[in-house]
Amino acid sequence: MSRLIVVSNRVSAPKDPAAGSAGGLAMALSAALRKYDGLWFGWSGETVEQFTGELNIEDRAGVTVATVDLEPQDVDEYYNGYANKTLWPLFHHRVDLTAYERSYGEGYERTNRRFAEVLQPLIQPDDIIWIHDYHMIPMARDLRRLGVKNRIGFFLHTPWPARQLLVTLPHHRRLVESMFYFDLIGFHTHEWLGLFERYVEVEARGRVSPDHVIEAFGRRVQCGVFPIGIDVDGFLAARDSVLGGKTYDRMAASAAFRSMIVGVDRLDYSKGLEQRMLGFEQFLEDNPAMRGEVFLLQVTPISRDDVDTYQDIRGRLDALAGRINGAYADMDWQPIRYLNRTFRRDQLAGLYRAAKVGLVTPLRDGMNLVAKEYVAAQNPEDPGVLILSRFAGAAEQMGEALLVNPLSREELSEAIKTALTMPLEERIRKWKALMQVVRDTDVGIWRDSYVGALKKVAIRADDEVVA
Ligand code: ADQ
């Protein structure tokens, strides 16, 4: 039987799955891998003075993980640099925040080569390799150069950017060309796949077939859409656990006759947190009679704090929450409860369940799992309402949510009012449709359909292209 080797920058299989971790990729992959015979390979998160390529192998909650330490320079240039300061903002349409440093690109390529060199001896002939996310785009090319003939797939967890933005990246063609060493490239949505195809057609004069075989740079690659989701049964079990129930009761008591709106996001500029707070402020301004009756619980763990843009936005959010609370709070009511911490999965599920509204308003997001978690946690007899940014990948499937433009504070204000006053029958009708989507895109379905497609790819990246 072939093994599945999953590769991602950070290997974050939690020691206790119920504890969870604040990151969509980590949650999805640890749920997906628990059922597979295989290996998860990536960076340990640690540094050593000089790179040795020595592997640390251990078992974490049933998942075998193999990690390697990196040099501080790799971490600066590859991880904090090219991945987090260049590709992340660029792929989230933030050219204004994108760093175009040559040394970052060089560090990125060097570190990917190092990963490939360490992984290659672990690969057995029947293994299939599944590489994740923007940190690892060139790695298939590096593995092929080392003679690896196995099936290698890639999945992008972020959006793919519009061509007009991607061309601002020096060496953008080199980056895209390296993707043609994979056998299968997966995206969350048709929109991201369409943007990738458009880039290839215009910039590389490539050809796209109706079944998404893309031919360019003298090579061919199969592409496809595989929308990620959550571990639905696991999440329902977390909601119905003792701690899930206790958290629900505690929040219901604390909300006492007030409606809770919940937001749960890593502290990241792509999540639209400032715009969300401003939209909520607009709602308070527009609806004086509802002040005192509603509050926003915004749970936002600190993320990527080594990168200065993240420190900047953290400062701005602290100030904004403080200003809105200062302006609107009363002696027994505060409009925004802003928390920089993580919660266990069961607590999170209880929080979602107690909230009348889930406010998920990223400015750009590959998918967004919080939208799906919020829906899954609802009480079917009296469900809350999901407000969802039209710019999240999830909006392509979750059209029954209240879709908003997160940049418009007026739209946000109106959507909050609509959600809070929505009749029960309409809430139930919308929730049922959304819950069906959540079930149809369960993380197990995502994993099996991707791996199944990778095993079946007919035209291999190594096949010669006939002109
Ligand atoms: P993220 O940008 O991390 O993921 P998202 O999909 O919303 O975004 O996943 C976040 C995960 O972290 C959720 O499972 C959430 O419950 C958890 N989380 C957030 N805050 C938390 C807290 N305070 N305590 C505990 N858990 C918390 C990236 C892409 C997304 C894509 C995923 C998966 O940016 O677009 O959906 O990968 O592909």
Original post:
Taking region 106-200, which trypsin sites (Lys or Arg not before Pro) meet the DSSP loop condition and have no more than 13 other C-beta atoms within 10 Å?
Top reply: Lys149
Subject >> HN-Hα J in Hz across region 399-411 - Karplus 6.51, -1.76, 1.60, θ = phi - 60°, x for Gly and Pro >> reply: x, 7, 6, 7, 7, 9, 8, x, 7, 9, 5, 5, 4
**OP:** Report the FRET efficiency, 1/(1 + (r/R0)^6), for Glu46 and Ala289, where r is their Cβ-Cβ distance and R0 is 41 Å, rounded to 0.05.
**Re:** 0.15
**OP:** Report relative contact order for the chain in percent, whole number only (criteria: Cα-Cα under 8 Å, sequence separation at least 6).
**Re:** 16 percent
Subject >> Karplus 3J(HN,Hα) series, Hz, for region 317-331 with 6.51 cos²θ - 1.76 cosθ + 1.60 (x for Gly, Pro) >> reply: 5, 4, 5, 5, 4, x, 5, 5, 5, x, 6, 10, 5, 10, 5
Original post:
Under 5 Å between amide H atoms, partner at least 5 residues away or on a different chain: which partners does Gly384 have, H built in plane at 1.01 Å?
Top reply: Asn379
Original post:
Can you tell me the Rg and the Dmax, both Å, for the Cα atoms in region 232-441?
Top reply: 16.0, 47
Subject >> Theoretical ellipticity at 222 nm over the chain - DSSP helices of four or more residues, -39500 (n - 2.57) apiece, nearest 500 >> reply: -12000 deg cm²/dmol
Subject >> Extension gain from Arg102 to Arg250, taking 0.36 nm per residue of separation minus the Cα-Cα distance >> reply: 48.1 nm
Subject >> Lysine pairs with alpha-carbon atoms under 16 Å apart, region 232-441, spacing 8 or more or separate chains >> reply: 7
Original post:
Given labels modelled 7 Å from the Cα in the Cβ direction, how far is it in nm from Ala61 to Leu424?
Top reply: 3.7 nm
Original post:
Which whole-number value in Å³ per residue fits the convex hull of the alpha carbons of the chain?
Top reply: 140 Å³
**OP:** Taking amide H positions as placed in the peptide plane 1.01 Å from N, state which residues far from Thr64 in sequence (5 or more) or on other chains have amide H under 5 Å from it.
**Re:** Gly38, Trp40
**OP:** At a Cα cut-off below 18 Å, give the lysines reachable from Lys456, other chains included and same-chain residues fewer than 8 away excluded.
**Re:** Lys149
Subject >> Cα long-axis angle, helix 242-255 against the chain (0 to 90 degrees, to the nearest 10) >> reply: 40 degrees
**OP:** Could you tell me how many degrees, from 0 to 90 and to the nearest 10, lie between the Cα long axis of helix 102-119 and the main elongation axis, the longest principal axis, of the Cα atoms of the chain?
**Re:** 70 degrees
Subject >> Gln436-Lys35 FRET efficiency (beta carbon distance; Förster radius 25 Å; 0.05 resolution) >> reply: 0.65
**OP:** Quick one: angle between helix 443-456 and the longest Cα principal axis of the chain, in degrees between 0 and 90, rounded to 10, please.
**Re:** 20 degrees
**OP:** Amide H neighbours of Val7 under 5 Å, at least 5 residues apart or on other chains, H built in the peptide plane: list them.
**Re:** Phe41, Trp130, Ile131, His132
Subject >> Spin-label proximity, Ala162 to region 394-434 - amide N less than 17 Å from point 7 Å beyond Cα toward beta carbon >> reply: 405-408
Original post:
What is region 232-441's relative contact order, in percent, from Cα pairs under 8 angstrom and six or more apart in sequence?
Top reply: 26 percent
Original post:
Ignoring the sites themselves, what is the longest stretch of the chain with no chymotrypsin sites (Phe, Trp or Tyr not before Pro) in a DSSP loop and at most 14 other beta-carbon atoms within 10 Å?
Top reply: 258-467
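Every read-out reported here was derived from the displayed coordinates using simple, explicitly stated rules and does not represent laboratory data. All figures in this text were calculated on a predicted structure; none of them were measured in a lab. Because the Cβ atoms are built from the backbone with ideal geometry, glycine has one as well, and the counts that use them run over all protein chains shown.
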